[in-house]
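What follows is a set of notes on a single structure, which appears directly below.
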Amino acid sequence: MEMIQIATAGTARSEAVGLGRGRCASCKKCFIADQRGAVAFETVFVYIFLVTFLLMPLADVAAAGFRFISAWSALRSFGQYIQYKNPPDPANPGAWVSALQTTVAGHTIGNIQVMCGSTACNSGNLGLTPKYFTFSTTVTLAPIVLTSVLCPNSCTYTLPYSERFQ
């Protein structure tokens, strides 16, 4: 042990200090005051809390976001595709729709219509000019924790989309 002189208010006293052990490593009060192991014990509970109430719900929201972004990207890509593949007869798009590629990036595109104003183009409104296309796809979510929040009625959502007719 090494002896250190400590001067306090005009008096000098000697105190024994062990190397790396603190001031009084053998007394019971020092063990109670020394709570270095408490953090290691509490960390397990903090990690469980963080994973359960923060990370898992955040992962649900992120997965849902990725699915929605993927579906919107597929819809947008399909819209660009049909701008270059216009129907030869907008009043009768049946043969044209069946010839289109309707699966984009794993999403099936359905309900494809050519709209003349606010109604679908058909033989009854031949005088109207085609204005835009409408179509949609569905997204199915699979949340782990936030089922009641992300899927109040159903986990399947239909995303409608429209693209300008050119």
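A few remarks follow.
- Subset of the stretch 75-121 that is at pLDDT 90 or above and assigned to a loop (DSSP other than H, G, I, E, B) - its residue that is surrounded by the most Cβ atoms within 10 Å (Cβ to Cβ): Ile109
- If you filter the stretch 64-74 down to residues that are surrounded by 11 or more Cβ atoms within 10 Å (Cβ to Cβ) and among the small types (Gly, Ala, Ser), you find that the one that is farthest from Pro130 (Cα to Cα) is Ala64.
- Sole residue being in contact (Cβ under 8 Å) with a residue 12 or more places away in the chain and within 20 Å of Tyr161 (Cα to Cα), chosen from Ile82, Ile69: Ile82
The values are calculated or read from the model by the stated rules, or taken from the named source; none is laboratory data. What you see is a predicted model; the values in this text were computed from it and never measured. So basically every Cβ, Gly included, is an ideal-geometry build from the backbone, and we count neighbours across all protein chains shown.
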